[in-house]
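Take a look at the structure set out below.
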């Protein structure tokens, strides 16, 4: 792959760009600040002071990852001691046209890194006394209110720590065209997920929380969110090639890297997603613009002679405000922690169809790293680990943690199936939840083993071994990461926290009747019975009628078999038709809304639910009046049982009704 553009230390200060950012309104007048003394170099590894050596190190890692993971292009910028230390592009921004990635020119979609800018904007309003972080969110909402069944209100600060109690939503978060996008003021009242956890108790990542925060910025400031960010963050930081506009303005749109998906040995461009949740994921920027943002946060709000936040406000953003356990990484205000090689890092990652990105700050080392690719596969995870091992290796291994001895019965408390809290609970997209299940079982020598259910892996599922170090805390055998557990009000284990490091989050324990094998067993039983009904009925009554055989008293309930056949056929059409139609259309296209064919298919369970009540009536009548042979009555009863069991199964997956 081709590497494009290298910057040395003096490149960023004073750097200009001929192409303006086209502000939406007159820029806010920045108050001049007294020039501050140069940033004193922080103690770092000697190799990190040599840009040429660092370039060779970066080239090797990124080029290998691009080849191995089939990624068309990537970009990186690194800041150190208040200056740009390194920036370079790799591969192609446009494969078809062979346009290379250029660090100060090529824009990448940042996805969830956008949340850091929305949080920064909210903290500016906090500084000005216009936004109370401890106030209930509903105090600021006049057009709608958050649905909250709990006495504790969701507070503004909890929108930035993802502890407001809401969860993910995947359907209708995007539009096919710019004209079809829904403004926040219209989108959020209709699509904001309800609160499902007591606010302040559980970390549950939700882009809609940040979208709501962006709406508060817009509502309180009195100007559109995009205009506010441009005036109060982009312009003071000279981020002239950054935007929340979708698509970017004409001067920038041709420099946006094309997002790709690797299929059948070729890079396929993916459609541009026009996101309705713009404050959470819609930003596009160059690597050098992101360097300015990183410098501003590392210098506690200052970039050159501009200031976007006061020092104490930045410290407040960066400090930990929530964690499930003192030994686990937690979250600040939108900045999430990562603990590795005895270094505390804060930042965010972003994933969008066709793009992946990562922003990492090392406040004590005064270093920031931004990486982006135009593929859903990223390189940041591999790069950060190798970067830390090379430049900040652990020279002295910590004293080994003394394991806690637990009996088999004590370990049994923690075993079971757990699912990630971050799944869409209130739409039929809930069917994706099993793909986020993990199993925790007893291992050898008093350990626990975390694995992914083999159903979703063709090969061997990855396994992680945990050793107990405290009654509710376990340490991974292969690294220094920890996993903690939480109890419910009855003292039973209900949660596993951070079981899949470096992901921050909670997994809830799934009761046995909600495990995937039980749910598959139920639908499998129903499907087999429905097939048997379709094969036998209404074919047999139809043949009898065609042969004009006399209907005896034993056959006078033949209409009951027609109903059984109809219920079974419709249920089978639904079971086969729904996944088949979504596969043909493309499951990911649910981000645009629900296609008409899916809406039509969702009508079928409503019809069969009503008809199933008739089945129950016919079953009672058949047994009461002793119609048919015993085997036929048993068969009919099984059909009725399957139809009735199918109703709560549909309701569990939000497939009964139009829940989208």
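The values are calculated or read from the model by the stated rules, or taken from the named source; none is laboratory data. Since this is a predicted model, take the numbers as computed values, not measurements. Glycine gets a Cβ as well: all are built from the backbone with ideal geometry, and neighbour counts include every protein chain shown.
Based on what the data block shows, is residue 168 within 25 Å of residue 332 (Cβ to Cβ) and over 19 Å from the mean Cα position of the chain (by Cα)?
Numbers: within 25 Å of residue 332 (Cβ to Cβ): yes; over 19 Å from the mean Cα position of the chain (by Cα): no.
When the stated conditions are applied, residue 168 does not pass them.
Residue 344 passes all but one of (1) in a strand (DSSP E or B); (2) touching a strand residue (DSSP E or B) at 6+ places or on another chain (Cβ under 6 Å); which number fails?
Single failed check for residue 344: (2).
Among the residues of the stretch 468-491, write down those that are out of contact with any helix residue (DSSP H, G or I) (no Cβ under 9 Å at 6 or more places or on another chain), outside any strand (DSSP E or B) and surrounded by fewer than 20 Cβ atoms within 10 Å (Cβ to Cβ).
Initial filter on the stretch 468-491 (out of contact with any helix residue (DSSP H, G or I) (no Cβ under 9 Å at 6 or more places or on another chain)): 469-470, 472-491.
Next, from what is left, pick out any that are outside any strand (DSSP E or B): 472, 477-481, 488-491.
Across the stretch 468-491, the qualifying residues are 472, 477, 478, 479, 480, 488, 489, 490, 491.
Just to be sure, is residue 529 within 20 Å of residue 613 (Cβ to Cβ), modelled with pLDDT under 95 and either surrounded by 12 or more Cβ atoms within 10 Å (Cβ to Cβ) or under 53 Å from the mean Cα position of the chain (by Cα) (or both)? Spell out how you get there, then give the answer.
Values: within 20 Å of residue 613 (Cβ to Cβ): yes; modelled with pLDDT under 95: no; either surrounded by 12 or more Cβ atoms within 10 Å (Cβ to Cβ) or under 53 Å from the mean Cα position of the chain (by Cα) (or both): yes.
Judged against the criteria, residue 529 is not a match.
If we scan the stretch 30-49, do we find a residue that is modelled with pLDDT under 95 and under 24 Å from residue 252 (Cβ atoms)?
To start, the set of residues in the stretch 30-49 that are modelled with pLDDT under 95 comprises 30-49.
Then drop every residue that is not under 24 Å from residue 252 (Cβ atoms), which leaves 30.
Yes: one or more hits.
Looking at 386, 402, 397, which is the one that is free of Cβ contacts under 8 Å to residues at least 12 places away in the same chain, surrounded by fewer than 17 Cβ atoms within 10 Å (Cβ to Cβ) and more than 27 Å from residue 281 (Cα to Cα)? First the steps, then the outcome.
Details: 386 fails: free of Cβ contacts under 8 Å to residues at least 12 places away in the same chain; 402 fails: free of Cβ contacts under 8 Å to residues at least 12 places away in the same chain.
Matching residue, one of 386, 402, 397: 397.
Quick check, is residue 199 in contact with a helix residue (DSSP H, G or I) (Cβ under 9 Å, 6 or more places away or on another chain), in a loop (DSSP other than H, G, I, E, B) and within 30 Å of residue 495 (Cα to Cα)? Don't jump to the end; show me each part of the working.
On the way: in contact with a helix residue (DSSP H, G or I) (Cβ under 9 Å, 6 or more places away or on another chain): yes; in a loop (DSSP other than H, G, I, E, B): yes; within 30 Å of residue 495 (Cα to Cα): yes.
Yes; evaluated as a whole, the condition is true for this residue.
Select, from 357, 334, the only residue that is touching a helix residue (DSSP H, G or I) at 6+ places or on another chain (Cβ under 9 Å) and part of a loop (DSSP other than H, G, I, E, B).
Values: 357 fails: part of a loop (DSSP other than H, G, I, E, B).
Selected residue: 334, the only one of 357, 334 that is touching a helix residue (DSSP H, G or I) at 6+ places or on another chain (Cβ under 9 Å) and part of a loop (DSSP other than H, G, I, E, B).
Give the residue, chosen from 341, 305, that is surrounded by fewer than 19 Cβ atoms within 10 Å (Cβ to Cβ), outside the structural domain of residue 497 (by TED's automatic domain parsing), over 19 Å from the mean Cα position of the chain (by Cα) and at positive phi.
On the way: 305 fails: at positive phi.
The match here is 341.
What's the total number of residues in the stretch 362-379 that are surrounded by fewer than 24 Cβ atoms within 10 Å (Cβ to Cβ) and not in a loop (DSSP other than H, G, I, E, B)?
Taking the stretch 362-379 and keeping what is surrounded by fewer than 24 Cβ atoms within 10 Å (Cβ to Cβ), we get 362-366, 376-378.
If we keep only those that are not in a loop (DSSP other than H, G, I, E, B) too, we end up with 362.
Counting residues in the stretch 362-379 that are surrounded by fewer than 24 Cβ atoms within 10 Å (Cβ to Cβ) and not in a loop (DSSP other than H, G, I, E, B) gives 1.
Could you tell me which of the residues 570, 587 is within 30 Å of residue 169 (Cα to Cα) and within 26 Å of the chain's Cα centre (by Cα)? Before the answer, list the steps.
Working: 570 fails: within 26 Å of the chain's Cα centre (by Cα).
Of 570, 587, the one residue that is within 30 Å of residue 169 (Cα to Cα) and within 26 Å of the chain's Cα centre (by Cα) is 587.
Every residue in the stretch 233-285 that is part of a helix (DSSP H, G or I) and buried (at least 20 other Cβ atoms within 10 Å of the Cβ), please.
Pass one, the stretch 233-285, residues part of a helix (DSSP H, G or I): 233-234, 250-253, 278-281.
Within the stretch 233-285, 233, 234, 252, 278, 279, 280, 281 meet the criteria.
Quickly run through the stretch 127-155 and pick out the residues that are surrounded by 14 or more Cβ atoms within 10 Å (Cβ to Cβ), within 14 Å of residue 199 (Cβ to Cβ) and touching a helix residue (DSSP H, G or I) at 6+ places or on another chain (Cβ under 7 Å).
133, 137, 146, 153, 154, 155
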